[in-house]
Amino acid sequence: MSPARRYPETGVFYRALDREFPLIARGEGCWLVDEKGRRYLDACGGAYVANLGHGVSAVTDAIAAQIRKVAYVNGTAFTNEPVEELAAELRTLNPKGLDYAYFLSSGSEAVEAALKLARQYWVETGKPGKHKLIARTPGYHGNTLLALSASAREHYKKLYGPWLVPVTMIPAPYPYRCAPGSPALTAQALEDAIKKEGADTVAAFIAEPVGGSSTGGSVPPKDYYKNVRAICDKHDVLFVADEVLCGSGRTGRWAAIEHFGVTPDIMTLGKGLSGGYVPLSAVVTSRKILDPIAKGSGAFKHAQTFSHSPAICAAGLAAVRHMKKHGLVDRCAQMGNVLHRKLKTLRDLPAVGDVRGLGLLAGIEFVSDKSAKTPFPRKQRFAETFVAAALDAGLVVWPNVGHADGENGDLVMVAPPFVISEAEIDEIVSRFKTALDKTLETLHVHR
Ligand SMILES: Cc1ncc(COP(=O)(O)O)c(C=O)c1O
């Protein structure tokens, strides 16, 4: 008999120390199979990562072939074939002008690097006073200290407060919870904040073009980013689009910002960029940002051992080519329509306040009173109870808490691999209902 997969029985410092973990033995398409043969429908691609589905041999073979040739060279001394080809592929996909890619391993690293790049740009263009950052609440950009400073997740930040740097927060466009026409929905909140801080001190505004977990797949109004772009241009502030979660095809376009007809100055990619086959992220930007550095100090003042490595870029290259060859971004848009049509039916169920999203990215927000949009009290742990019930029903979804008022709020995200079928979407809906019944029963919620 294998040991219980929990602390302290094994040598693993688990992500939670108070429960047992099923051990996954393999993955196939949208399914994960544990060591006992139990199957789980991976309805969130892990954490919005497995965009191509599990077990794509075109990617695993390409990684193996590259590692056999050369696994690692350092980007300060050499370039390599996969990094050159992956950057060339991204030029064909990224918004026009975002032609240069700097590769890293995680979303947090990409966000740290993007914000540092914005700062260096202003120093090299003779405006060293521009150092402040503006971000949105709710919002999430990662868990390293600068990325966490730019995030608005109090439950992650509280403990580390003394180490975080100040970042000015404006309210996120969150149509379910914002009054129509509010400054959060028009981006007026951004201009107000820039004026208040002083435009000559503000370096960059960072935002997720379509909300990830933090606002549960909230889609801003059509004009929001046109307004953001105009405000940033007017006040000489760089716009950083964090597409770690919503990019790489997840919303049915390669970059989520494309839905809004706007080009950011700097964009981050991560998670699904390699389909999860290896940890890969990227910062992409334009000549406008890089020329002053090329003509000035000559290099971005940033260094990480695994940036530009052949092994990670080979995985990204194979993943991007596989997506292109099989038209997976278009498929994501099509199956996204099917997903949203079917998820809409959940709105009639008890405790479901809202269902929203774009492409294969959906958020389902739970409330105790639908007309008043009242969240469940945090101590009830609605989202966590739901996720455990879903896992029991063989369904993997992603929870978020705290979005309603900084402390309360429960939602779950559905973001399956782009290869999901209509029958599998039906299975998600059916297992969701089972999990909701169980949650309402466990928490004694009246129906
Ligand atoms: C929008 C966004 N940015 C950055 C990150 C950080 O990425 P990572 O967890 O790979 O460091 C995340 C992670 O969830 C994210 O959703």
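If A303 meets every condition in (1) away from the ligand (no atom under 16 Å from the Cβ); (2) in contact with a strand residue (DSSP E or B) (Cβ under 7 Å, 6 or more places away or on another chain) apart from one, which number is that one?
(2) is the only condition that A303 fails.
Tally time: how many residues in the stretch 41-91 are surrounded by fewer than 16 Cβ atoms within 10 Å (Cβ to Cβ) and farther than 27 Å from G336 by Cβ?
Residues meeting the conditions: 18.
Away from the ligand (no atom under 16 Å from the Cβ), under 30 Å from G27 (Cα atoms) and among the acidic types (D, E): is that true of E85 in this structure?
Considered against the rule, which asks whether it is away from the ligand (no atom under 16 Å from the Cβ), under 30 Å from G27 (Cα atoms) and among the acidic types (D, E), E85 comes out as yes.
Here's a check for you: in the stretch 126-146, which residue that is within 18 Å of E109 (Cα to Cα) and without any contact (Cβ under 8 Å) to a residue 40 or more places away in the chain is nearest to the chain's Cα centre (by Cα)?
N143
Looking at the stretch 252-279, which of its residues are away from the ligand (no atom under 15 Å from the Cβ) and not in a loop (DSSP other than H, G, I, E, B)?
E258, H259, F260
Of all residues in the stretch 182-208, which are surrounded by fewer than 17 Cβ atoms within 10 Å (Cβ to Cβ) and charged (D, E, K, R)?
D192, K195, K196, E197, D200 - these are the residues of the stretch 182-208 that are surrounded by fewer than 17 Cβ atoms within 10 Å (Cβ to Cβ) and charged (D, E, K, R).
So, in the stretch 190-222, exactly how many residues are within 14 Å of the ligand (Cβ to nearest atom) and within 26 Å of D236 (Cα to Cα)?
Residues meeting the conditions: 6.
Scan the stretch 92-125 residue by residue and report those that are surrounded by fewer than 15 Cβ atoms within 10 Å (Cβ to Cβ) and over 20 Å from A207 (Cα atoms).
Across the stretch 92-125, the qualifying residue is only T92.
Mind listing whichever residues of the stretch 232-251 are assigned to a loop (DSSP other than H, G, I, E, B), more than 13 Å from the ligand (Cβ to nearest atom) and open to solvent by less than 10 Å² (accessible area, probe 1.4 Å)?
V237, G249
Do any helices (runs of 4 or more DSSP H) lying entirely in the stretch 131-189 carry at least 2 residues that are in contact with a helix residue (DSSP H, G or I) (Cβ under 7 Å, 6 or more places away or on another chain) and away from the ligand (no atom under 16 Å from the Cβ), and which ones are they?
Correct list: 183-186.
Go through the residues of the stretch 280-291 one by one and say whether even a single one is touching a residue at least 40 places away in the same chain (Cβ under 8 Å), surrounded by fewer than 20 Cβ atoms within 10 Å (Cβ to Cβ), assigned to a loop (DSSP other than H, G, I, E, B) and more than 13 Å from the ligand (Cβ to nearest atom).
yes
Provide a single number: the residues in the stretch 106-125 that are of a type outside the set (A, V, I, L, M, F, W, C), within 15 Å of the chain's Cα centre (by Cα) and under 17 Å from T305 (Cβ atoms).
Number of matching residues: 4.
If a residue must be in contact with a Leu (Cβ under 8 Å, 6 or more places away or on another chain) and away from the ligand (no atom under 16 Å from the Cβ), how many such residues does the stretch 99-121 contain?
Counting residues in the stretch 99-121 that are in contact with a Leu (Cβ under 8 Å, 6 or more places away or on another chain) and away from the ligand (no atom under 16 Å from the Cβ) gives 3.
If I ask for residues that are out of contact with any helix residue (DSSP H, G or I) (no Cβ under 8 Å at 6 or more places or on another chain) and under 22 Å from S421 (Cα atoms), which ones from the stretch 25-36 would you list?
R26, G27, E28, G29, W31, L32, V33, D34
Could you check the stretch 345-372 and list, in sequence order, the residues that are over 23 Å from the mean Cα position of the chain (by Cα), open to solvent by 20 Å² or more (accessible area, probe 1.4 Å) and aliphatic (A, V, I, L, M)?
Correct list: L349, A372.
The values are calculated or read from the model by the stated rules, or taken from the named source; none is laboratory data. All values derive from a computational prediction rather than experimental measurement. Here Cβ is always computed from backbone atoms with ideal geometry, including for glycine, and neighbour counts include all displayed protein chains. Quick note on the areas: whole protein, heavy atoms, side chains included, nothing else; ligands and nucleic acids left out. Shrake-Rupley method; radii C 1.70, N 1.55, O 1.52, S 1.80 Å.
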